[in-house]
Amino acid sequence: MPSSRSATPDSDRQSDPDRRRWRFWIDRGGTFTDLVARSPDGGFATRKLLSENPEAYEDAAVQGIRDFLSLDADEPVPAERIGSVKMGTTVATNALLERAGEPTVLAITRGLKDVLEIGYQARHDIFALNILKPGQLHDEVIEIDERLHADGSIAVALDETSATEALQASYDRGLRAVAIVLMHSFREGRHERALADIARRIGFEQVSVSHEVTPLIRLVSRGDTSVLDAYLTPILRRYVNRVATALGADTDEGPRLLFMQSSGGLTAADRFQGRDAILSGPAGGIVGAARGPRDFDHHHEEDHSEEDRRKESLCGA
């Protein structure tokens, strides 16, 4: 296991409790999982594992941490020895590419059931004779009797009875994720909130409400993002919970577990959603590529400043 750079001064470690414990930065890709570890003494080390190797371990990220801590196979992870774990992952990306997300029902204002399939009618090749339409992520659509005006006032009141029957029928067919996308809900979300309450009472495990997921004025963009969130969040949540449980991050004494979002920023594990995870893995590379040259320029400027000061002192002498 290669170790490397010099330790951080003791004063820095004492001022930050995390510095007295192990810290990990992890990129879990579809093929390999890469780990960078910082030990309590300030040394750095790296490790690479196959992301999928079920005969050897359940999860590569957890196994990599276990290897750094030199744990036996039946020994639990000592959560108190880990300060933080920061991870980028392609779990959601791969689920989307492989169409392996959660079976999802779309609940949308009556009369608009085909609007996501129609989309904006953007065509990559306008002269193509054989048109290949992109597949939809949701398995079925139910139309909801309701309508809001553009200013948020009610045009057609929500028919909760028929909505309950439609959602119950989808639930009985085995669907457990629902994306709720109603017209003009970006302006007023009362109907979506009422529908979400009905879905949760029925037992839907994932309820993605469009005005909460992304309050965009455009119905298609808002709808696509909400369906994506409902489709991927259950897959992501199962993975996050598995890692959190294995590391003891779901306890008060456990490490901070953070995941990289598509934006390149980190978020707490319990707030990591499907809508934010598509570029979780690749985003880390972009952030690193952008930060690296900036740090190099900063150190380069410091070197030049030191050289200028040395010359000035010589000239003054």
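Summary of values
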item	result
The stretch 144-173, residues that are under 16 Å from LEU219 (Cα atoms) and open to solvent by less than 50 Å² (accessible area, probe 1.4 Å)	ILE144, GLU146, LEU148, GLY152
Every residue from the stretch 254-267 that is among the small types (Gly, Ala, Ser) and either under 12 Å from THR89 (Cβ atoms) or at pLDDT 95 or above (or both)	SER262
Selection status of SER208, part of a helix (DSSP H, G or I), surrounded by 20 or more Cβ atoms within 10 Å (Cβ to Cβ), of a type in the set (Ser, Thr, Tyr) and under 24 Å from the mean Cα position of the chain (by Cα)	no
Complete set of residues in the stretch 44-72 that are assigned to a loop (DSSP other than H, G, I, E, B), touching a Phe, Trp or Tyr at 6+ places or on another chain (Cβ under 9 Å) and either open to solvent by 40 Å² or more (accessible area, probe 1.4 Å) or within 14 Å of GLY30 (Cα to Cα) (or both)	SER51, ASP59
Positions within the stretch 85-109 being surrounded by fewer than 19 Cβ atoms within 10 Å (Cβ to Cβ), touching a residue at least 40 places away in the same chain (Cβ under 8 Å) and outside any helix (DSSP H, G or I), in sequence order	LYS86, ALA100, PRO103
Selection from the stretch 273-287 of residues that are within 18 Å of THR33 (Cα to Cα) and either touching a Pro at 6+ places or on another chain (Cβ under 9 Å) or open to solvent by less than 40 Å² (accessible area, probe 1.4 Å) (or both)	ALA277, ILE278, SER280, GLY281, ALA283, GLY284
Check on THR214, among the β-branched types (Val, Ile, Thr), within 30 Å of PRO78 (Cα to Cα) and in contact (Cβ under 8 Å) with a residue 40 or more places away in the chain	no
Residue, farthest from LEU97 (Cα to Cα), within the stretch 129-146, restricted to residues that are in a loop (DSSP other than H, G, I, E, B) and aliphatic (A, V, I, L, M)	LEU129
Identity of the residue in the stretch 223-272, in contact with a helix residue (DSSP H, G or I) (Cβ under 6 Å, 6 or more places away or on another chain), acidic (Asp, Glu) and assigned to a loop (DSSP other than H, G, I, E, B), that ends up least open to solvent (accessible area, probe 1.4 Å)	ASP250
Any chance GLY64 is over 22 Å from GLY288 (Cα atoms) and in contact with a Leu (Cβ under 8 Å, 6 or more places away or on another chain)	no
Residue list for the stretch 122-146, restricted to those being under 30 Å from ARG173 (Cα atoms) and either among the polar types (S, T, N, Q) or at pLDDT 90 or above (or both)	GLN136, LEU137, HIS138, ASP139, GLU140, VAL141, ILE142, GLU143, ILE144, ASP145, GLU146
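The values are calculated or read from the model by the stated rules, or taken from the named source; none is laboratory data. The structure presented is a predicted model; accordingly, all values stated were derived computationally and were not measured. Neighbour counts are summed over all protein chains in view; Cβ atoms, including those assigned to glycine, are modelled from backbone coordinates with ideal geometry. For accessibility, only protein heavy atoms count, side chains too; no ligands or nucleic acids. Shrake-Rupley method; radii C 1.70, N 1.55, O 1.52, S 1.80 Å.
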